[in-house]
Amino acid sequence: MPTVGVIGLGYVGLPLAVAFAQEGCDVIAVDVDVRKVEAIEAGLSYVEDVSGEQLAAVAGRIGATTRYARLAKADAVLVCVPTPLTSNREPDLGPLIDATRALAEVLQAGQLVVLESTTYPGTTRERVAPLLEESGLAAGRDFHLAFSPERVDPGRTDFTLRNTPKVLGGLTEACARRAEELYGVVCERVVRVSSPEAAELTKLLENIFRSVNIALVNELAMLTDRMDIDIWEVVDAAASKPYGFMRFEPGPGMGGHCLPVDPFYLSWRAREFDMATEFIELAGKVNQQMPYHCVAKAQRALNDRGMSVKGARVAVIGVSYKPGTSDVRESPALKIIALLRELGAEVLYHDPHVPALTELALESVSLERAAAQADLAIIVTAHPGVDHRLLATRARLLLDLRGVTREASSANVVRL
Ligand SMILES: NC(=O)c1ccc[n+]([C@@H]2O[C@H](COP(=O)([O-])OP(=O)(O)OC[C@H]3O[C@@H](n4cnc5c(N)ncnc54)[C@H](O)[C@@H]3O)[C@@H](O)[C@H]2O)c1
């Protein structure tokens, strides 16, 4: 079994490290965050997709460290560092460049390096390869290089790393063959494309596809609000068509990394080719409007009961960006809380996955307390296991942004 190095032990890197260790590989797991390294060493998982028991079961095979030098012993190194945007919404390759430079210092002839972080077409060949070659080794000749996007959907149990086909593109045919062999250890099916660029764009197409379709249904939700048509009823009915329609849910906007951030890597790159990627920009614009639309809806719901947002107590139910996870990155709930506070509301929240929002000086309260104390409760993210029916019966006023209380058609429930 190969010895596998993983750089960046977040939502992507940690499950990957565990998957290889479960197959019997020794894993060298590197992160700059000492807390993560210590947590792994102590057998404590901080990612929902990896349970404490799973981590403990492979503890002997995963060596977590902040030191890149240990990677010299790996047969393959998988790079899973963040690829965020700068404040000007341009690609911030800082973490990737830092990781690549540090890896170059310990790179060995014969190693395979695979970039998994989502990025624009050209990154592997134009940015990663030259930095790694500062080692004196040539990409494609002395070491192998490929791009293979991570497709993990955190919190999902039906499709995992194992049964989700893994797309990959190598710098050379030999690079691709080598990477295919490696991923064969943990994935049932590998889909090879002809180049790293094709693999990089494949991941972006997947993310943009979702972003555009969510924006479409969100725009319709804003329209149906004015037309007094139930958007959920329309989506349900359209989804009865057995072909030519794919269901997407309206909601309070996009969160996480994949949808609000990644498509803009392509818009930025496209500008170099004199192209404006209008679908991406438009989808971003529509989805960014959603928290404002939802707060306006909350404002109207209170107004209809003779109340204003100012001075009202509002409970936000679910603050992470997706059900079943604790990830609050770019979560629309944060925007909704900020907008409500600007209007003078007193905000509390309930989220079984997020005990505290330290930056907002908030701690999660029980669902019962949220229902009892709030003038208005808003379901922003519908976590499994949260009793939304109870909420619908107990809350004085409930705004459901996820369509999970459709059976409870009582007068106190308002929906997106
Ligand atoms: N989270 C997802 O659902 C998901 C899905 C598919 C793809 N991706 C992509 O995968 C990449 C990683 O995403 P994530 O969600 O795992 O991010 P994350 O922030 O959870 O984890 C990244 C880790 O990299 C570490 N890191 C940063 N700079 C480093 C460096 N120089 N050396 C070593 N470690 C470093 C950070 O400390 C962090 O632990 C991104 O490009 C993202 O777009 C994420």
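Restricting attention to the stretch 268-416, close to 10% of DSSP beta bridges with both partner residues there are antiparallel. Were the residues from GLN288 through ALA238 laid out at 0.36 nm apart, the gain over their Cα-Cα distance would be 15.5 nm. For the stretch 370-395 versus the stretch 289-351, the inter-centroid distance based on Cα atoms is 13 Å. Each of the peptides 92-103, 45-56 was scored by the mean count of other Cβ atoms within 10 Å over its residues; in descending order, highest first, they stand as 92-103, 45-56. For the chain, the convex hull spanned by the alpha carbon atoms encloses 149 Å³ per residue.
Taking a Cβ cut-off of under 12 Å around THR66, the surrounding Lys, Arg, Asp and Glu residues balance to a net charge of 0, with basic ones at +1 and acidic ones at -1.
In the chain, Cα pairs under 8 Å separated by at least six residues give a relative contact order of 10 percent. The ranking of ARG226, ARG313 by Cβ neighbour count inside 10 Å, starting from the fewest, reads ARG226, ARG313.
Note on THR172/ARG271: beta-carbon distance plugged into 1/(1 + (r/R0)^6) with R0 of 30 Å gives a FRET efficiency of 0.55. Can you tell me which lysines have their Cα less than 16 Å from the Cα of LYS335? Leave out same-chain residues fewer than eight positions away. Candidates past the 8-residue exclusion: LYS285, LYS297, LYS322. DSSP assigns beta bridges within the chain; of those with both partners inside it, close to 10 percent run antiparallel.
Could you tell me whether the stretch 23-78 comes out rounded, prolate or oblate from its Cα gyration tensor? Rule is a ≥ b ≥ c as square roots of the eigenvalues, rounded for a/c under 1.5, then prolate if a/b exceeds b/c, otherwise oblate. Because a/c hits 1.5 or more and a/b fails to exceed b/c, the stretch 23-78 counts as oblate. For LEU282, LEU401, the sequence from fewest to most other C-beta atoms within 10 Å is LEU282, LEU401. Our estimate of slack between ALA408 and ASP142, defined as 0.36 nm per intervening residue step minus the Cα-Cα distance, is 89.4 nm.
Residues within the reach of a label modelled at GLU359 (point 7 angstrom out along Cα to beta-carbon, backbone nitrogen below 20 Å), restricted to the stretch 301-339, are 316-323, 325-339. The Cα center of the stretch 85-146 and the Cα center of the stretch 182-218 differ in position by 20 Å. At q = 0.11, 0.14, 0.17 Å⁻¹, what is the log10 ratio I(q)/I(0) for the stretch 147-277, with the Debye formula run over Cα points and no solvent? Debye intensities relative to I(0), on a log10 scale: -0.55, -0.82, -1.05. Three principal axis extents of the stretch 282-416 based on alpha-carbon atoms, in descending order, are 33, 31, 28 Å.
Placing pseudo-labels 7 Å out from each Cα toward the beta carbon at ASP228 and GLU48 gives an inter-label distance of 3.8 nm. At 4 °C and a viscosity of 1.567 mPa s, what translational diffusion coefficient does Stokes-Einstein give for the stretch 348-407, taking Rh as the Kirkwood radius over Cα pairs? Give it in µm²/s as a whole number. In µm²/s, the coefficient is 110. Solvent-free Debye calculation, one equal scatterer per alpha-carbon of the stretch 1-151: log10 I(q)/I(0) at 0.12, 0.17 Å⁻¹ equals -0.47, -0.93. With neighbours defined as other Cβ atoms within 10 Å of a residue's Cβ, the residues ASP153, ASP375, ASP228 order from fewest to most as ASP228, ASP153, ASP375. Applying 0.36 nm per residue to the separation of ARG70 and ASN303 and subtracting their alpha-carbon distance, the gain on full extension is 77.7 nm.
With contacts taken as Cα pairs under 8 Å and at least 6 residues apart, the stretch 264-416 reaches a relative contact order of 20 percent.
Using just its DSSP H runs of length 4 or more, each adding -39500 (n - 2.57), the chain gives a mean residue ellipticity at 222 nm of -11500 deg cm²/dmol after division by all residues.
Any read-out appearing in this document is the output of simple, stated calculations on the displayed coordinates, not a laboratory observation. What you see is a predicted model, and the numbers here were worked out from it, not measured in a lab. For neighbour counting, all protein chains shown are included, and Cβ atoms are generated from backbone atoms with ideal geometry for every residue, glycine included.
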